[in-house]
Amino acid sequence: MAVIRSTRDMTQGRLGKQILLFSVPLILSNLLQVFFNMADIAVVGRFAGAAALGSVGSTATLVTLFTGFLMGVGGGINVLVARAIGARDRDGVREYVHTAALLSLLIGVALGALGIVFTRPVLELLGTKAELIDGAALYLHIYLLGVPAISIYNFGHAVLSAAGDTRRPLLYLSISGAVNVLLNVLLVVGFHLDVAGVAIASVVSLYLSAGLILAALFSETETYALRLSHLRMNGRKARALLALGIPGGLQNAIFAIANLFVQAGVNTFDAVVVEGNSAAMNSDPLVYDVMAAFYTACASFMGQNLGAKKKDRILRSYLIALAYSFGAGLLMGGTLVLFGRQFLSLFTTEAAVIEAGLGRLTVMGLSYCISALMDCTIAASRGLGKGFWPTVIVILGSCVFRVIWIYTIFAWMGTMESLYLLYACSWSLTGIAEIAYFAYVYRKTVRQLDAVRV
């Protein structure tokens, strides 16, 4: 069987060094995305006024639903392409890549169309303020035109990551993000398009990043390259991609919904506490996105090594990625606890709001690392091709549990600390369950590999 040369061979070499080098560009990509989003908010807030800022801000949950779902689908693509590459299965790689390209396009178009149709009813259901709903609907109607581009970019990113290439996605994201910021300034400040200007800038940058990553795949000479002549749907490969990707997408979407209940709990306090919570929440994407890079590395390395039937490297990939992600959460969380006041001062100058934000920042800063036990283990199970039960576990342990906590523990104690502690408790509970399931699946996988060798 012919050998497939990937950008980075994950089936040999020092795993600790390889996983770190693989993850660094992903970390930079994720942080760039966070900073570009902050720039969007800064431009619209400073130059378009409070109403425009509120309109864009009120769409955050819905945008997270769409992007989170598509990222989950991309995770399934990443694992299966990586496994085929590790197995040196040229036909499998080609079929997965081209089937995934078509699926991603179809899913992106369908999601975008559904979102546009139901934008206003959903905004009303979420209780969007009357003075903001027109601007929010306008923003979403334009932004959702870019959902197919998000889906295609995630597809391309998943394929390149499966092959060990995390540098080009970083480059493409840097270019599109810079264009986004420049267009924001031009359209909002120069042409006074306000909400519409921010949305148009986002859509243009989304299609730019999708175009760049497609161009890279079409110009590739390796087996994971895209070719128009090979674009066809393979039914068996499509079912495998959906079976692994859809549960991951649903998990991300349901997390966003569960957090709406947490926000409802926050809203029972006075305005200062709510504002402090909003300021402190800016730390979440910074920490989560750094840790998430190691989860992608975990799934990619486990996928390739499973394909290569290297069982010792499968488990070590998980343990090393878990150690890195736990350490990153501990380091960044601890830094936020130590320098929380300075961090919050970036978003507010009011002393009372900073004090309120410190409560959340302290509890969350000491808790972020615990989430690695859950999220990295979920990535590991998906690396072994298991998506359904990890999603069920995380929905019960992290989503349903949070809702129950809010209506019992929080309702009884009524303090902000009791609300924020639900994260650490839900992550711990879910992490234990996910680790138990992974241990079962890993032992079963090892027995299967041993049986094949015999």
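Regarding Leu105, is this residue open to solvent by 40 Å² or more (accessible area, probe 1.4 Å), more than 29 Å from Ser55 (Cβ to Cβ), in a helix (DSSP H, G or I) and touching a Phe, Trp or Tyr at 6+ places or on another chain (Cβ under 9 Å)?
Yes: the conditions hold for Leu105.
So Arg168 fits all but one of (1) closer than 18 Å to Ile77 by Cβ; (2) open to solvent by less than 30 Å² (accessible area, probe 1.4 Å); what number is the exception?
Every condition holds for Arg168 apart from (2).
Just one of (1) of a type in the set (A, V, I, L, M, F, W, C); (2) without any contact (Cβ under 8 Å) to a residue 60 or more places away in the chain; (3) crowded, with 17+ Cβ neighbours inside 10 Å trips up Met71, so point out which.
Answer for Met71: the failing condition is (2).
Based on this model, can you work out whether Glu434 counts as open to solvent by less than 50 Å² (accessible area, probe 1.4 Å) and charged (D, E, K, R)?
Yes.
Condition test on Glu124, is it open to solvent by 40 Å² or more (accessible area, probe 1.4 Å), within 30 Å of Phe191 (Cα to Cα) and among the acidic types (Asp, Glu)?
So Glu124 fits the description; yes.
Restricting to region 410-446, give me the number of residues that are over 25 Å from Asp375 (Cα atoms) and of a type outside the set (A, V, I, L, M).
Residues in region 410-446 being over 25 Å from Asp375 (Cα atoms) and of a type outside the set (A, V, I, L, M): 3 in total.
Residues to consider are Gly112, Gly146; find the one that is of a type in the set (Gly, Ala, Ser), modelled with pLDDT of 95 or more, farther than 30 Å from Ser23 by Cβ and in contact with a Leu (Cβ under 9 Å, 6 or more places away or on another chain).
Exactly one of Gly112, Gly146 is of a type in the set (Gly, Ala, Ser), modelled with pLDDT of 95 or more, farther than 30 Å from Ser23 by Cβ and in contact with a Leu (Cβ under 9 Å, 6 or more places away or on another chain), namely Gly112.
Of the residues Arg46, Arg83, only one is touching a helix residue (DSSP H, G or I) at 6+ places or on another chain (Cβ under 7 Å), in a helix (DSSP H, G or I), of a type in the set (D, E, K, R) and open to solvent by 30 Å² or more (accessible area, probe 1.4 Å); which?
Being touching a helix residue (DSSP H, G or I) at 6+ places or on another chain (Cβ under 7 Å), in a helix (DSSP H, G or I), of a type in the set (D, E, K, R) and open to solvent by 30 Å² or more (accessible area, probe 1.4 Å) holds for just one of Arg46, Arg83, which is Arg83.
Collect the residues in region 185-223 that are of a type outside the set (Ser, Thr, Tyr), within 17 Å of Arg168 (Cβ to Cβ) and over 25 Å from the mean Cα position of the chain (by Cα), keeping them in residue-number order.
The answer is Phe218, Glu220, Glu222.
Residues Gly45, Gly92, Gly72: which one is within 22 Å of Pro285 (Cα to Cα) and at pLDDT 80 or above?
The unique qualifying residue is Gly72.
Tell me which residues, restricted to region 401-418, are in a helix (DSSP H, G or I) and not hydrophobic (A, V, I, L, M, F, W, C).
Arg402, Tyr407, Thr408, Glu417, Ser418
Inside region 13-37, can you point out the residues that are within 17 Å of Ile320 (Cβ to Cβ) and assigned to a helix (DSSP H, G or I)?
Correct list: Leu15, Gly16, Lys17, Gln18, Ile19, Leu20, Leu21, Phe22, Ser23, Val24, Leu26, Ile27.
If I ask for residues that are open to solvent by 30 Å² or more (accessible area, probe 1.4 Å) and more than 13 Å from Val56 (Cα to Cα), which ones from region 194-209 would you list?
Within region 194-209, Val204, Leu206, Tyr207, Leu208 meet the criteria.
Please identify the pairs in which a residue from region 335-363 that is under 17 Å from Phe269 (Cβ atoms) has its Cβ atom under 8 Å from the Cβ atom of a residue that is loosely packed, with under 14 Cβ neighbours inside 10 Å and at pLDDT 90 or above, counting only partners at least 6 apart or on another chain.
Pairs that qualify, where the first residue is under 17 Å from Phe269 (Cβ atoms) and the partner is loosely packed, with under 14 Cβ neighbours inside 10 Å and at pLDDT 90 or above, are Ile354/Arg341; Leu358/Arg341.
Okay, residues lined up against (1) surrounded by fewer than 24 Cβ atoms within 10 Å (Cβ to Cβ); (2) over 16 Å from Gly72 (Cβ atoms); (3) not aliphatic (A, V, I, L, M):
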{"residue": "Leu344", "(1), (2), (3)": "no, yes, no"}
{"residue": "Thr348", "(1), (2), (3)": "yes, yes, yes"}
{"residue": "Glu355", "(1), (2), (3)": "yes, yes, yes"}
{"residue": "Leu361", "(1), (2), (3)": "no, yes, no"}
{"residue": "Tyr368", "(1), (2), (3)": "no, yes, yes"}
{"residue": "Ala372", "(1), (2), (3)": "no, yes, no"}
{"residue": "Ala380", "(1), (2), (3)": "no, no, no"}
{"residue": "Leu384", "(1), (2), (3)": "yes, yes, no"}
{"residue": "Phe388", "(1), (2), (3)": "yes, no, yes"}
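Report every pair of residues separated by at least 6 positions or lying on different chains whose Cβ atoms are under 6 Å apart, first residue within region 11-26 and touching a residue at least 24 places away in the same chain (Cβ under 8 Å), second basic (Lys, Arg) and assigned to a helix (DSSP H, G or I).
Correct list of pairs: Leu15/Arg316; Pro25/Arg167.
The values are calculated or read from the model by the stated rules, or taken from the named source; none is laboratory data. What you see is a predicted model, and the numbers here were worked out from it, not measured in a lab. Note that we place each Cβ from the backbone using ideal geometry, even for glycine, and neighbour counts take in every protein chain shown. Keep in mind that these areas ignore ligands, DNA and RNA; they rest on the heavy atoms of the full protein, side chains included. Shrake-Rupley method; radii C 1.70, N 1.55, O 1.52, S 1.80 Å.
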